[in-house]
Structure formats: C-alpha cells, structure tokens
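Below: one structure, written as structure tokens.
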Amino acid sequence: MASPHSSSTAFGPSAEALRMRPNAIRALAALIGRPELISFAGGVPSPATFPRAQIAEIASRLILDEGDRVLQYASTRGNARLAGAVVDRMRRAGVAWASREGTILTSGSQQGLDLVARVLVDPGDVVFVELPSYIGGLAALWAAGAELVGFGLGSDGPDLGALEARVGETLRAGKRPRAIHTIPTFQNPSGITAGGEARANLLELARRHDLVIIEDDPYSEVYFGEEGKPPPPIAALAGARERVVYLGSFSKVLCPGLRAAWVAGDPDLCARLELAKEAADLCSSTLDHAIVAEMVDGGMVDGRLPAIREFYGERCRAMLEALERDAPEGSTWTRPTGGLFIWVTLPERVDAGARLHAAVEAGVAFVPGAPFFVDGGGSNTLRLAFSKEDPRRIAEGMATLLKIFAE
Ligand SMILES: Cc1ncc(COP(=O)(O)O)c(C=O)c1O
C-alpha cells in the first residue's frame, strides 16, 4: 500500500498536508480582487475604521521606550495586560467564569481555530458545521482530520431538528460526534444571529450528546443600534469547565493586521492549547499585542465602537435598500443587525457562480455561496460584504449586480 509519504520528489506530502484544502475564495482573488471593481467580495473590515495615527503613536512610543520588551519573545500565553483586559471583556459579555488560566491569546482567531481543532479532534471525528459556514474554520477542522457534517440555518439560527438528525446518523454509522462549530452572532457568511432560546437549545443538545461547542465570535461587538445588540454568547449560558470553547478577536473592532485574538475555555484545555501554540509560533507578535493591550486598556477600542457601529450600519442599510428596490423576483436575503455580511438566496434555477464573470465584466465583485457549504449545496446563493464600499458605491454596484441576476 502506498504510504502518504510516497512521492516522486523528496517533498511528498504528509497525510495532514493532503487533508488541507485551498480556500475557494482566495482562489478567486485574481478575479474578484481587481482594485477597479466595486467590491462586495472581501470579507474584511474597512481600512477607513483603522485608527492609524493612534496606532503609529503607540507603536513608536513602545518601540523607543520599551523596545527591550516589545521587540523580544514573550510568553506563549501572551501579554498579561491584554489577557486581563480580555477576561474583563468576557465578564462584561456575561461570561462570569472567564479567568486568566482559562484564556490564551492567539495570533488572530484563525490561529485559535487551528489550535482548538488540533487539540480536540482526532482524524475521523465528526464536527457539525453550519450550512453555510466560515471557510477558514472549515479549513482548520479539515486539516485536523475532522469529517465535517452540515446542519442548516434558519432566520433564528441553527436548525436544531436537522442537527439532532445528523448526530443520530453519525452515531448509527459508528462514528464519534465530537463538536459543533458555530458562529452564533452576525454569522460569516450569512449575517444570521441565533436568538437567546436557540442558543440555550443548542447548548442543551450539546450536553445531551456530550459535544464541545466551538463558539466563533469575532463580530458580536459590531451591532447596529441598541436594537441590534445580540443575546449573550453561548459561553455565558454554560458553566465553568463545561463544554464551550469561545473565540474572540480584535480584528473587526480594531484592525486585523495586528493579529490579536483569544480563546477562552476550560483551563486544562487552555494548557493544551498553549503546548500546541508553542509548537506553532512560540508566541504571538509581542509588539502587536503590546499595542492592542495599550489601546484596549486605554479605552481606545471601546471608545471607537459607537462610530464603527454607525459606519457599518449605514452601509448595511444602503445594501438592504438596494435589495428591496431591485432584487429579482423570488429571491430572499438576510437582514443582519450587525457584522459585515448579507446573504442572498436567488431562485433555485439561478447559479450565482455562473454569473460571477458577467458581474466582474460589469465592474462588480461578489462571492458565490457554494464554497461555504460542506454538503455541495448553495449554488443559488451569494455573500455580499457591505464593509468596503461607501453607500453611494453600494447603491451603484447593487443596481448593476441585481440587473445581472435578474437577466
Ligand atoms: C467567523 C470568523 N472566525 C474567525 C475569523 C478570523 O479572524 P482573525 O483571525 O482575524 O481574528 C474570521 C475572519 O473573517 C471569521 O469570519
């Protein structure tokens, strides 16, 4: 039998390398990343929200005054000041059990997802993921050898009947159901938020089947107006040392170039995550985390939240108005109250991916929905990010795009 190492060159891939899958959106980058396009494609925060001058001032001061520390290696757990601020943030969000021992800082939530997948999942374990879901999360779980099984999302969050059925099928097939990956708030890619009851019911299902919940939550502070404020995280409903692993990030409320995020959960799990992180990168960027610590502690992140919420709220409204005006007959879309994304479902016969070239020719980029589905579905769906363009360009681009879908 061929070993995973057999190859015609010296660089034959390992079994893990063979499990890694290319990111379908990054693969489209050459097409949808052209700078001249009106882009609803990039799932990234707007550079207009980055506090450049503040970051430059703090970075310069830290380097000149504290260069011995901030240009040096740091502990794997990360900056103690930032970890303390994260624990305060978690408690403020209702997670009373948040603790320093149960927190590990990471180089972005993406690293957190990778570490959690490595530490929790054995090859062949089943992890339940949302249909659609965040591609980076799927990639981390696939790399760890998880078998990914999808469950649908309704307007109020997970379809628990479907999830229950998938768990049953998994058990009958003799496989190990291990975890649920969920993005309950302003989900990427759909913009959907699970209600309070849906969160409680998901936790109850996880308890019944002894599943870990991986709560991936980078968007919850980006809500539009008080009425858009999401329910507390699932982690707030769970007990200390229970089954929720929570991932938070500063990428969407500060900037993703400073790679600052965290995982919060059972202290024993965090000790294992620390070992995995040590093997991955020894420590996150000391400088990045020192800058973020200074900004969070100095109130510069919280102080900017109202403006960030207003900024994205206005863009979201502009996109929703365009959809109300011009969406093709028979299509539906989500009405997010936070985050960066709207999800559109076109009539079943329309293949969104097949219209991408025409859209780009006409000057507009979007992301087809199919790559966000692990079950091969979603061909008539698309993700629209309202983060990049201003309301005027949103109106212009949406008029063009919706005309293409109406044809
Ligand atoms: C749901 C979700 N989780 C995690 C991430 C990764 O964020 P970061 O690594 O910048 O913290 C993203 C980024 O878009 C995301 O949408």
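Every number here is computed from the coordinates shown, using simple stated rules; none is lab data. All of these numbers come straight from a predicted model, not from anything done at the bench. Glycine gets a Cβ as well: all are built from the backbone with ideal geometry, and neighbour counts include every protein chain shown.
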Review point. Are there GluC sites (Glu not before Pro) in region 25-101 that DSSP marks as loop and that have at most 14 other Cβ atoms within 10 Å, and which are they?
Key: E36, E101
Point to revise | Of G124, P47, P328, farthest towards positive along the dipole that unit charges on Lys, Arg, Asp, Glu beta carbons give the chain | key: G124
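At a threshold of 8 angstrom on Cα-Cα distance, excluding pairs fewer than six apart, so keeping six or more, what relative contact order does region 180-322 reach in percent? Each step should come with its number before you reach the end.
Working: 162 pairs, mean separation 29.6, N = 143.
Answer for region 180-322 is 21 percent.
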Revision key, fill the gap. Residue separation between S14 and E36 times 0.36 nm, minus their alpha-carbon distance, gives in nm 3.9 nm
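Rounded to whole Å and ordered largest first, report the semi-axes of the equivalent ellipsoid of region 200-312 derived from its Cα gyration tensor (root of 5λ).
Square roots of five times the eigenvalues give 26, 23, 10 Å.
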Practice item. Starting from the Cα of R241, step 7 Å toward the Cβ, then list every residue of region 84-105 with an amide N under 16 Å from that point. Key: 97-103
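Starting from the exponent 0.38 and prefactor 2.2 Å, build the expected Rg for region 295-371 from its residue count and divide its actual Cα Rg by it.
1.44
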**Study point:** Extension gain, T332 back to E197 (0.36 nm per residue minus Cα-Cα distance, nm)
**Key:** 46.2 nm
Revision key, fill the gap. Quick calc, E361 & A399: beta-carbon distance into FRET formula, R0 22 Å, rounding 0.05, result 0.90
Review point. Taking the DSSP beta bridges in the chain as the whole, what percent of them are antiparallel, to the nearest 5?
Key: 50
Check your understanding: Starting at 0 and stepping by 10 Å, how many percent of the alpha carbon pairs of region 253-407 end up in each bin?
Key -> 9, 29, 24, 22, 14, 1
Exercise for review: Could you please rank F151, F386, placing first whichever residue has the fewest other Cβ atoms within 10 Å of its Cβ?
Suggested key: F151, F386
Practice item. Give me Rg over Rh for the chain, both radii from the alpha carbons and Rh done the Kirkwood way, two decimal places. Key: 0.96
Point to revise | Likely footprinting exposure, I192, I58, fewest C-beta neighbours within 10 Å first | key: I58, I192
**Study point:** region 49-118: radius of gyration and largest Cα-Cα distance (Dmax), Å
**Key:** 14.7, 38
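Apply 1/(1 + (r/R0)^6) to the Cβ-Cβ distance of S60 and R81, taking R0 = 25 Å, and write down the FRET efficiency to the nearest 0.05.
In this case the efficiency is close to 0.85.
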Practice item. Please order V44, V149 by the number of other Cβ within 10 Å, starting at the fewest. Key: V44, V149
Point to revise | For V126, residues with placed amide H under 5 Å, excluding near neighbours | key: E147, R176, R178
Check your understanding: What is the distance, in nm, between label points placed 7 Å from the Cα along the Cα-to-Cβ direction at Q72 and at E169?
Key -> 5.5
